[in-house]
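Notes follow once the structure below has been shown.
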Amino acid sequence: KAGVTQTPRYLIKTRGQQVTLSCSPISGHRSVSWYQQTPGQGLQFLFEYFSETQRNKGNFPGRFSGRQFSNSRSEMNVSTLELGDSALYLCASSTGQENTEAFFGQGTRLTVV
Amino acid sequence: AQSVTQLGSHVSVSEGALVLLRCNYSSSVPPYLFWYVQYPNQGLQLLLKYTSAATLVKGINGFEAEFKKSETSFHLTKPSAHMSDAAEYFCAVSEGTGGSYIPTFGRGTSLIVHP
């Protein structure tokens, strides 16, 4: 069974640009969550999509957005990039049901210069 | 609301020594609890999870954790540390909100293993 796939693994962008990150969940999983990980703030929840609908949202500005497609693949978009957006972005998939663990991808390392 | 506190951002042990990583949680309902491990530049991997079937939970790589409701704790232990255990460890709690079971993670504890 293939794991969670995130692309690309590494990205370098300039301030003010926008970026799109992709996540393919485990087959059969309908829930996809996104996290931002930084040394200073740890793991912070961005949002969760379940069956193409945003079901939960963290405390991030509107520059951070996402969507989920009918095949459960998800994309995350960050517009007007700031230096502080440099982080490891992790995607996690799960069945979305009670007492099920999240399976994480390897992450996308975004560097904003 | 759910929250997790991991005591100690760094824990240093000698190879062969006992590993103890502390986790305390706050939850308004019986929680689901997890421990994850993260190696450099990798995603998180599940070590073990508490499902209410047993208070002592065994996981991969020789790790185990004990759920203590009275202490609201879920500490992670391993009898004998290996060099390969050096990594970042995260405790997480999930209680379910509006049908969503998004885990809340602690700040993580970096385990350092000395030869």
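The values are calculated or read from the model by the stated rules, or taken from the named source; none is laboratory data. This one's a predicted model, so the numbers in the text were calculated from it and none came from an experiment. Ideal geometry is used to build each Cβ from the backbone, glycine not excepted, and the neighbour counts take in all protein chains shown. Ligands, DNA and RNA are stripped out before the accessible areas are found, and what is left, the full protein with its side chains, is counted by its heavy atoms. Shrake-Rupley method; radii C 1.70, N 1.55, O 1.52, S 1.80 Å.
Quick notes on this one:
- Gyration tensor (alpha-carbon) shape descriptor, chain A, a/c threshold 1.5: prolate
- Heavy-atom SASA rank of B:I102, A:I12 (probe 1.4 Å, accessible area, largest first): A:I12, B:I102
- Backbone geometry of the stretch B:43-55 corresponds, through the Karplus equation with coefficients 6.51, -1.76 and 1.60 at θ = phi - 60°, to 3J(HN,Hα) couplings of x, 8, 10, 5, 8, 6, 9, 9, 10, 6, 6, 8, 6 Hz, x marking Gly and Pro.
- Cα-based Rg of the stretch A:57-113 normalised by 2.2 N^0.38 Å, two decimals: 1.29
- Bridging of B:K49 to aspartates and glutamates at a Cα separation below 19 Å is possible for A:E98, A:E101, B:E64, B:E66, B:E71, B:D85, B:E88, B:E95, once same-chain residues fewer than 8 apart are set aside.
- Solvent exposure of B:E64, expressed as accessible area, is near 50 Å², computed with a probe of 1.4 Å over the protein chains only.
- Listed peptides B:48-55, B:31-38, A:74-81 by packing density, highest first (mean Cβ within 10 Å): B:31-38, A:74-81, B:48-55
- Under 5 Å from the amide H of A:F60 lies no amide H of any residue 5 or more positions distant or on a separate chain, with H modelled from the backbone and absent for Pro and chain starts.
- With all protein chains kept in place, the per residue accessible area of the protein assembly as shown amounts to 47 square angstrom at a probe of 1.4 angstrom.
- A:R63, A:R55, B:R107, reordered so the largest accessible area comes first (probe 1.4 Å): B:R107, A:R55, A:R63
- For chain B, the fraction of 1.4 Å probe accessible surface lying on carbon and sulfur atoms is 54 percent.
- A:T5, B:T104, ranked by accessible area, largest first (probe 1.4 Å): A:T5, B:T104
- Of all DSSP beta bridges confined to chain A, the antiparallel ones make up roughly 90%.
- Net charge dipole size for the protein assembly as shown [Lys, Arg +1 and Asp, Glu -1 on Cβ; Debye, nearest 20]: 380 debye
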